[in-house]
Every structure is written in C-alpha cells, then in structure tokens.
Amino acid sequence: MNRNFKGPLYFHVDMDAFYSSVEQADNAEYRGKPVIIGALPGHRGVVAACSYEAREYGVHSAMPVSHAYRLCKNGIYLPPRMERYQEVSKQIMDIFNDYSPEVQQISIDEAFINMTGTERLFGPPEKSAASLKKQVKDITGQIISVGIAPNKYLAKIASDFDKPDGLYRVFPGKEEEFLDRIKLKDLWGLGEKTLTRLEELNISTIPKLRALPEGTLVRFLGKAGASYLYRAVRGIDPGIYRSDPKSHSISSETTFPADTRDKEVINRALLDIAHQVMYRSSNENMMSKTLVCKIRFADFSTTTVQQTCQHYLTSAEELYDLARKLLRKRWDGSREVRLIGLGLSSLEKGSIPRQRDLFSDEYDRKKQVEQAVFEMKKKKWPAVIRASLLKKTRNGRNSSRKDEDSQTDLSI
C-alpha cells in the first residue's frame, strides 16, 4: 500500500444529525435526549431530522410525525429553525474554505473538499481531517464525520462508515476491499426497490453484484441503473457529484431516506433548499436570473430542467414557486423520487436590486424581509425564525396560498 500516493484526494464531510445537533448545542437541556425536528405532534407532517438518541427509538427523517410520536412519546419535538441552521452551516463552510480553494457544498450539512496536493500545507490526510474536525467542534460545537478517498463517491460512503464522529480513509488500490466490508444495502444510491430486485435474483452482497456482467445488469435494472451499479461496486465514481469550479453556480440538494412520491415531503425539501440557495447567494453577494431543478428517480435516471427569467431572482419564495413549476414539467407524481436539487447558474457579482423595475411585484415585500433577515444574521443578531417554517393551522396542516400543490405557508 502506497500511503504517499499523490493522486486525487477528496474529503466528504457530513455534519452528524445536523439540525438536532444545532438545537442541542444551543440548548443544554436538550443534550443527550431524543430531539425530533419537523411537524409537531398532533399536526399533519413529517420528521425533517432527528438526533441519534431519537434514532434509537426507530425514528427517522421523512417519517410521519404521528408515527414518530408513537415510537418516542418522551421526545423533544421542535419546529425547524432554518435561518439558524444556515448560519451554523455558513460558519462551517468558511472553515472548509481555509483548507482548500475547491469546496463543493451539496446540501446544508455536507460538502466535498478537494484536498489534492495539500499535504505540504496540512500534513497527511488523516492529520488534516482530525484538525478539521477539532476546529469545527471548537468554533461551532458541531461534530462532523469525514470520509477520505481518491474520489467523491467513495469519500461519501467512507464518511458514513464510522459515524457518528467518524474519520475513515479509503486508500488507492483498496477500493474494492473497502466496499466488500459494507453491506449491500449500505452502497450509497441503492434504493429499496433495486435492493429488493437484487435479492430476488439472489444477489445479497457486493462481491456477488460485482460478478455480474454489465449486460446482465442492463437486462434486470435498465441502462441507467446498470451503469451506476457496475461502476459503484468497483469503486469508480459514477459521476453523481460532478462539478466544474468555473461554472459559477450555487446549488444544494436533498437525497431522501427512502424513494418517495409524497408531494408534501418533496415540497418541504424544495422549500428548505430554496432558503439555503438564496441565503448563500445573498451572503456571497451574487445574483442570477436562472434556476435549475434536478430530479433523480428511483431507477437512477436523472433529469434537469431550468428557466431563465428576465429579472434577477430575489427571494426564497420566488425560488420555491418557480421550482415547483419546473418540477411539474419533469414529474407527474407517478414515479418515485430519490433526490431533488436546486441551483442558481450564470451568477453575476453584485447586490440584488432593491426593486427590479418601476413597479413593485408580488415578491417585493418578501424579498425585503428576507434581505433584512440575512443582514441581521451577518451582523450576528439573535436568530430570526421564518414564520413559513413554524406556523400551522388549527387542523395541523401547513397553510397554503390555495395552490393545489402547496402545503407550506410562506407568509411573513
């Protein structure tokens, strides 16, 4: 084994149980207790995130909160504070940027860091990862897990190998040996339906799956799924997180714990992502007229759709509304969705105009309030919580603006 291999080197960093961990860091009385973020008991909705203590009861994200409450009646149930989570995420991403000029944030709580060629600055990868973990813990109180590997795909699996508070490295030449140590169900990107199909074919381990010719996989799983798995089981990056550092885009995405066609779950994810993207855009003083929506389905097929407006996109609500329209162009509700993502492309440097033309529009007031919140966060004022992420109606459903697809009240 050549531990001084000078090829590509990536970290995948995952913030362990991020939303609940932020709540526990901010509130000492929550520490060591089951914390469940999302809809409140008695209301219709799902779990957005939960602490490791809650997971011991069988609670997991995307679970109906009514089910979570039956499993864990003594849990601490909290509405999400997206503004606060974004603030802590920004602190952590700033730390990552001190380690590499190429940081690819893929969601509010995870990122890839290209560490190729940094050993002279930070020492061996394990040492720099340990230093990174300590710095994040000291500054933000958050615990992170780091996976180290020659490509992004393996780094992502490695970050989950020894969680929580994990640090694991996959060495070049040992890719298949590492993969053979994990269960087939833990192969990242393998959905429940595909797993069931493989089990029907008596394929229960990664070595057995690797032994199948690609042509056989195509017959059983289709071209997209076969291509993905053929590369994945050999430790070859299937290209899920390709990025061009010169593309000038800001994006974020969510992979669902289980493939879903639940509109409420998907819309909630779009709302959270819209807030993440708009906050980062404002914080980095960037603006864009183009929104890209990415959808990956249960069979691994991926599609994108985008729209370029004649005006700059100025608020999270506008992103959310446009995202749902784009989603409907590619998804009719019949196929299960594995991943959803949004991105602003063709970014330009500069402040978002306070008023896009001579006349105001339906988003102006929302935009002004959001910008005020962003400025307060930058100045470290006490956290401001967006009403859209808190308020519920008496019957437990999120309010809507009478759009048949909307399950979320975006009023302020």
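Computed from the coordinates by the stated procedures, all read-outs in this text should not be read as laboratory data. Computed from a predicted model, the values in this text were never measured in an experiment. Counting neighbours? That spans all protein chains shown, and the Cβs are built from the backbone with ideal geometry, glycine included.
What the table below lists for this structure:
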read-out	value
Which numbered condition Arg44 fails, given (1) over 30 Å from Asp237 (Cβ atoms); (2) in contact with a Phe, Trp or Tyr (Cβ under 9 Å, 6 or more places away or on another chain)	(2)
Condition check for Phe171: of a type in the set (Phe, Trp, Tyr) and either buried (at least 19 other Cβ atoms within 10 Å of the Cβ) or in contact with a Ser or Thr (Cβ under 8 Å, 6 or more places away or on another chain) (or both)	no
Given (1) without any contact (Cβ under 8 Å) to a residue 40 or more places away in the chain; (2) on the phi < 0 side of the Ramachandran plot, number of the condition Gly239 does not satisfy	(2)
Filter result for the condition that a residue is crowded, with 23+ Cβ neighbours inside 10 Å, basic (Lys, Arg) and outside any loop (DSSP other than H, G, I, E, B), over Arg328, Arg324, Arg268	Arg268
All positions within the stretch 143-157 that are assigned to a strand (DSSP E or B) and among the aliphatic types (A, V, I, L, M)	Ile144, Val146, Ile148, Ala149
Any helices (runs of 4 or more DSSP H) falling wholly within the stretch 169-231 and containing at least 2 residues that are within 19 Å of Ala158 (Cβ to Cβ)	175-179, 206-210
Any chance Ser252 is closer than 30 Å to Phe178 by Cβ and surrounded by fewer than 19 Cβ atoms within 10 Å (Cβ to Cβ)	no
Qualifying residue in the stretch 288-307 (condition: part of a helix (DSSP H, G or I) and either hydrophobic (A, V, I, L, M, F, W, C) or surrounded by 18 or more Cβ atoms within 10 Å (Cβ to Cβ) (or both))	no
